[in-house]
Every structure is written in C-alpha cells, then in structure tokens.
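Report on the structure given below.
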Amino acid sequence: MGLTIVGCGHLGEAVARQRQSRRPVLPLTLTTTVTDRHTALTELADQLLLCDATDPAQLLAALQYNHTAVFCLAPRAGTAGRCPIRLNRGRH
C-alpha cells in the first residue's frame, strides 16, 4: 500500500520530493486542484490525480488504494477550524 499526498502546493511537493527514495517500496499518489501543476508533479508521482478534497467522492477515490495519507491543504475562506469531510474508518 502506498502514500497519498492530498494537496501538492509548496508543502505537498516538498513532502513528495523528500519521499522519492522510498518510491520503490512506497508508491506515491499526489493530488492537486491546479492543472498547470501536472507537468511539475508527474515526475514525482506514481499516480497524479486532479482532486478537490472538499468533494467526498473525489477524496475517497484518491485515498482508495493507499494505506496512508498526508493532508497538505491550505485553508480556504470560511473554513477555518473545521474539516469539510469526516472519514469514518474502523479502529485498528
């Protein structure tokens, strides 16, 4: 199972670059909402998705095949202090 980095702005891209040495054993799925970022991010990812993390269906699709996720999302106006999506996963 791989790692999904949700949000690949400056911080998400830095995390992806730091994880490159682990890609053979930890595949990376990267998400962005900015189509212009695809060229820069393609070389860093095993899978690159255009994903709006506030859309539950898109977020779940991005997380579907990976065991771990790192959320690197900038706050949006009017969303400070709350998470737009609640993920219900069983306790391990």
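The values are calculated or read from the model by the stated rules, or taken from the named source; none is laboratory data. Just so you know, these numbers come straight off a predicted model, no measurement behind them. Every residue, glycine as well, gets a Cβ built from its backbone with ideal geometry; the counts of neighbours run over all protein chains shown. Areas reflect the complete protein model, heavy atoms only, side chains present, ligands, DNA and RNA absent. Shrake-Rupley method; radii C 1.70, N 1.55, O 1.52, S 1.80 Å.
For (1) out of contact with any strand residue (DSSP E or B) (no Cβ under 7 Å at 6 or more places or on another chain); (2) open to solvent by less than 40 Å² (accessible area, probe 1.4 Å); (3) without any contact (Cβ under 8 Å) to a residue 40 or more places away in the chain, each residue gets a yes or a no:
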residue	(1), (2), (3)
1	no, no, no
5	no, yes, no
17	yes, no, yes
21	yes, no, yes
29	no, yes, yes
34	yes, no, yes
37	yes, no, yes
53	no, yes, no
57	yes, no, yes
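Of all the numbered requirements in (1) modelled with pLDDT under 90; (2) closer than 16 Å to residue 13 by Cα; (3) assigned to a loop (DSSP other than H, G, I, E, B), residue 24 misses one, and that requirement is (2).
Only one entry in 61, 69 is open to solvent by 50 Å² or more (accessible area, probe 1.4 Å) and either in contact (Cβ under 8 Å) with a residue 12 or more places away in the chain or on the phi > 0 side of the Ramachandran plot (or both), namely 61. The number of residues in the range 42-56 that are farther than 20 Å from residue 1 by Cα and either in a helix (DSSP H, G or I) or among the polar types (S, T, N, Q) (or both) comes to 2.
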